[in-house]
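What follows is calculated from the coordinates using simple rules that are stated; it is not laboratory data. The structure presented is a predicted model; accordingly, all values stated were derived computationally and were not measured. When we count neighbours, we look across all protein chains shown, and the Cβ atoms used for this are built from the backbone with ideal geometry, even at glycine.
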Amino acid sequence: MNTLTQKENDPQPGGSPAKKPESAVRYIQPRVDICERADDFLIQADVPGVRKESVEVEFHAGELSIEAHREAARAPSARPSVQYRRVFTVDPMIDASKITASVDHGVLSLTLPKAESAKPRQISVS
Amino acid sequence: MNLIRFNTSRLPEPFDHLGSFQREINRLFDSSLGALRDFNSADEWTPRLDLSHDDEKVVVALDAPGLSKEAFDISLEDSTLTISGERKQPELAEGESVVRRERFSGRFTRSVTLPPGIEADQVSADYSGGVLTVSLPKPEVVKPRRISIQ
């Protein structure tokens, strides 16, 4: 079962899929863990240095996109700014209206609840 | 010309060599891949580290999301700064299953050599947003001095 498939065919997670040498932006496809639980899916993405204001999570036409921006560090550090981006195709069993997101210690966590009809149910024998 | 009795047992079997050769190859691969496996062990990871400096200080920034600040161990010894720590793999509860696991977990150690003379008690560290930043003020002798011409 391939419920949450990666949409973009980028080479390596954690790498720089679309490097633009002319700009000082580092493009990173964040590494993710996905865990299926009884009632939902949990996606955790490593986005170090990102504040919650600069995270955008969008769901459109069955696709969930994560975008996060990290500012270039102040002097003396020469850390370039980073654009994190990753897109997933989401199974229709997900109730998209109930997706929630939070950022804690540079980890973006998304909870994707399953629709009521997709949850496992106990059927009692009468 | 001598006549020698044909004796099959004395003929070398063409694939005998190949058998032992194959064993040798297997042995070679078993050992070297074994070593590689150890090297690539899943409980080691190398967080990205940036090192920068200006006239006043050296700044080390380490991308290590998802830890608590207690999980870091920072030491300065003989001008070598060592940062180590551990990110625990989340444990799966009953009824949970892994769909994808790309994030690293386990122990890590990063070391950087710094200019000599940095005072350990002047070093400060901050962990926010998954980035550990260590600031080390440069000693007076290392700082550039403007020398006026008499």
Fill in: Long-range HN-HN contacts of residue A:81 with modeled amide H, under 5 Å
A:26, A:72
Worksheet entry | Built amide H within the under 5 Å cut-off of residue B:48, gap 5+ | B:63
Practice prompt. Determine the shielding of peptide B:47-59 by partner chains: average, over its residues, the number of Cβ atoms on other chains within 10 angstrom of each Cβ.
Written response: 3
Worksheet item: Considering every residue in B:123-131, what mean count of other chain Cβ atoms within 10 Å of its Cβ is obtained?
Response: 4
Worksheet item: In this model, which of B:88/B:143; A:52/A:114; A:114/B:69; A:52/B:69; B:69/B:138; A:114/B:88 are farther than 29 Å apart at the alpha-carbon?
Response: B:88/B:143; A:114/B:69
Worksheet item: Residue-wise, which Karplus ³J(HN,Hα) couplings in Hz belong to the range B:115-129, taking 6.51 cos²θ - 1.76 cosθ + 1.60, θ = phi - 60°, and x for glycine or proline?
Response: x, x, x, 6, 7, 4, 7, 8, 7, 10, 9, 9, 10, 8, x
Worksheet item: Per residue of A:29-36, how many C-beta atoms from partner chains lie within 10 Å of its own C-beta, taken as a mean?
Response: 6
Worksheet item: Working out 0.36 nm times the residue gap between residue B:82 and residue B:141, then minus their Cα-Cα distance, what length gain in nm do you get to one decimal?
Response: 18.9 nm
Worksheet, complete the sentence: Checking rank on B:129-140, A:52-63, with mean other Cβ inside 10 Å and highest first, the result is B:129-140, A:52-63
Response to the item:
Expected vector for the range B:89-103, Karplus 3J(HN,Hα) from phi with 6.51, -1.76, 1.60 and θ = phi - 60°, integer Hz, x for Gly and Pro, equals 6, x, 7, 8, 8, 4, x, 9, 9, 7, 9, 7, 9, 10, 6
Worksheet item: Modelled label-to-label distance, residue A:59 and residue B:113, 7 Å Cα→beta-carbon offset: nm?
Response: 5.3 nm
Worksheet entry | Computed label-point distance, nm, for sites residue A:121 and residue A:27 using a 7 Å Cα→Cβ extension | 4.5 nm
